[in-house]
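Data block below; observations after.
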Amino acid sequence: MLSAAEAAFERGRRIAGVVLAPVAFAAVYLASDGLPGPGRTLAAILAAVVVLWVTETLPLPVTALLGAVLAVLLGVAPAREVFAHFGDPIIF
């Protein structure tokens, strides 16, 4: 059971993640002019996912899959290529 102070901290940490993840995405995307299009987008996705990992806004497995899903949705790579590593026998 969490104390009132711990519950407030947890709530603040999660709110910070919701606010800072899009800010980190935008900041890295705008700051990485030297990268080609897909690299620039992937760097921004990585920044947002790192913020979500650190703040634990979402469960860690969800955050890990979110990065892969965003890479597909934002056109960094095709789904077959992105998700191929999730079915690799070495992983399992």
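Taking Gly67 as the residue in question, decide whether it is surrounded by 17 or more Cβ atoms within 10 Å (Cβ to Cβ), within 15 Å of the chain's Cα centre (by Cα) and closer than 20 Å to Phe86 by Cα.
Yes; evaluated as a whole, the condition is true for this residue.
Quick check on the range 23-34. Is at least one of its residues modelled with pLDDT under 95 and open to solvent by less than 60 Å² (accessible area, probe 1.4 Å)?
Yes, the range 23-34 has at least one match.
Can you pull out the residues in the range 41-57 that are open to solvent by 50 Å² or more (accessible area, probe 1.4 Å) and either more than 21 Å from Arg13 (Cβ to Cβ) or in contact (Cβ under 8 Å) with a residue 12 or more places away in the chain (or both)?
Leu42, Leu46, Val50, Val54, Glu56
The values are calculated or read from the model by the stated rules, or taken from the named source; none is laboratory data. Quantities reported herein were computed from a predicted structural model and do not represent experimental measurements. Neighbour counts are summed over all protein chains in view; Cβ atoms, including those assigned to glycine, are modelled from backbone coordinates with ideal geometry. Ligands, DNA and RNA are stripped out before the accessible areas are found, and what is left, the full protein with its side chains, is counted by its heavy atoms. Shrake-Rupley method; radii C 1.70, N 1.55, O 1.52, S 1.80 Å.
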